[in-house]
Ligand SMILES: Nc1ncnc2c1ncn2[C@@H]1O[C@H](COP(=O)(O)OP(=O)(O)OP(=O)(O)O)[C@@H](O)[C@H]1O
Ligand SMILES: [Mg+2]
């Protein structure tokens, strides 16, 4: 049985991949996106976006990438997994991803190659940008390197623009490093959705998936229950909505109401409570 066809949908509305096409522009996401775009245009250097697990950082990162990549004058790259084991490995990665020819063999040589590349780009009117997701796993040595890149500058601006997206634990670590903290041009804490935004996000995702039905698939009570159960965090919301729609179809109910949501929440709680030997 095709679950979504049964609901009149063209595609899955609540997949948990970070697809920017499914990003509902919440007040938080919209503000973060605008401020990041402004900061990148002004070439202010380092920007850090911090948020809880599943709040939408990767989605925002991909959306920012899409927006910037559409414009002229930017050379933008994304690091999805910054678990570099050494400074040398990170430097190598940067040269490779930006397509910089290597000269020399030492870490120092590579750093110089990269600096010259950045200068060259800027002289050609291009702005190099590096987006780093999963920033909480950056090692102290790589953080130190990032700080060092901020010394690459002209009189007016930084040569390399950076955005780090990270879970809250990075904030703790950065607080212990004043010299890093002081150099962040834009700090943004991405907060969960408010209750009315949960309703809008669900309607938005159903719309993108092709829902054109007259009746709402989720009642107001259901939305309230979803908000209460998830605290407004998009990933738990997405997973709960997925389970609720499945329940709806399998049990031939007309709409997701608070009771359906409760059933799904209880099922998940039971799963979480299974003792692990
Ligand atoms: N603004 C949004 N509108 C609609 N869906 C969203 C939004 N933000 C996040 N989501 C959905 O929530 C899920 C988790 O998002 P994402 O992977 O971006 O979170 P994250 O903050 O990167 O999580 P983690 O801390 O685990 O890396 C995805 O399914 C994504 O589609
Ligand atoms: Mg993520």
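The values are calculated or read from the model by the stated rules, or taken from the named source; none is laboratory data. A quick note: this is a predicted structure, and the numbers were derived from the prediction, not measured. Every residue, glycine as well, gets a Cβ built from its backbone with ideal geometry; the counts of neighbours run over all protein chains shown.
The table for this structure:
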quantity	calculated
Per-region count, segment 99-135, residues surrounded by fewer than 18 Cβ atoms within 10 Å (Cβ to Cβ), touching a strand residue (DSSP E or B) at 6+ places or on another chain (Cβ under 7 Å) and under 28 Å from residue 174 (Cβ atoms)	0
Residue in segment 180-191 that is without any contact (Cβ under 8 Å) to a residue 60 or more places away in the chain, part of a loop (DSSP other than H, G, I, E, B) and in the same structural domain as residue 41 (by TED's automatic domain parsing) present	yes
Positions within segment 57-83 being touching a residue at least 12 places away in the same chain (Cβ under 8 Å) and over 15 Å from residue 131 (Cα atoms), in sequence order	73
Any hit, segment 83-93, residues being within 16 Å of ligand 2 (Cβ to nearest atom) and under 21 Å from residue 166 (Cα atoms)	yes
Contacts under 9 angstrom Cβ, first residue in segment 153-167 being more than 16 Å from residue 73 (Cβ to Cβ), partner modelled with pLDDT under 95 and loosely packed, with under 13 Cβ neighbours inside 10 Å, 6 or more apart	none
Wholly enclosed helices (runs of 4 or more DSSP H) of segment 41-129 bearing at least 1 residues touching a helix residue (DSSP H, G or I) at 6+ places or on another chain (Cβ under 9 Å) and within 16 Å of ligand 1 (Cβ to nearest atom)	57-69
Residue in segment 189-208 that is out of contact with any strand residue (DSSP E or B) (no Cβ under 6 Å at 6 or more places or on another chain) and away from ligand 1 (no atom under 16 Å from the Cβ) present	no
Residue count, segment 215-256 (criterion: in a helix (DSSP H, G or I) and without any contact (Cβ under 8 Å) to a residue 24 or more places away in the chain)	4
Qualifying residues in segment 1-25 (those that are within 16 Å of ligand 2 (Cβ to nearest atom) and outside any helix (DSSP H, G or I)) - the one nearest to residue 192 (Cα to Cα)	23
So residue 135, is it at positive phi and assigned by TED's automatic domain parsing to the domain that holds residue 76	no
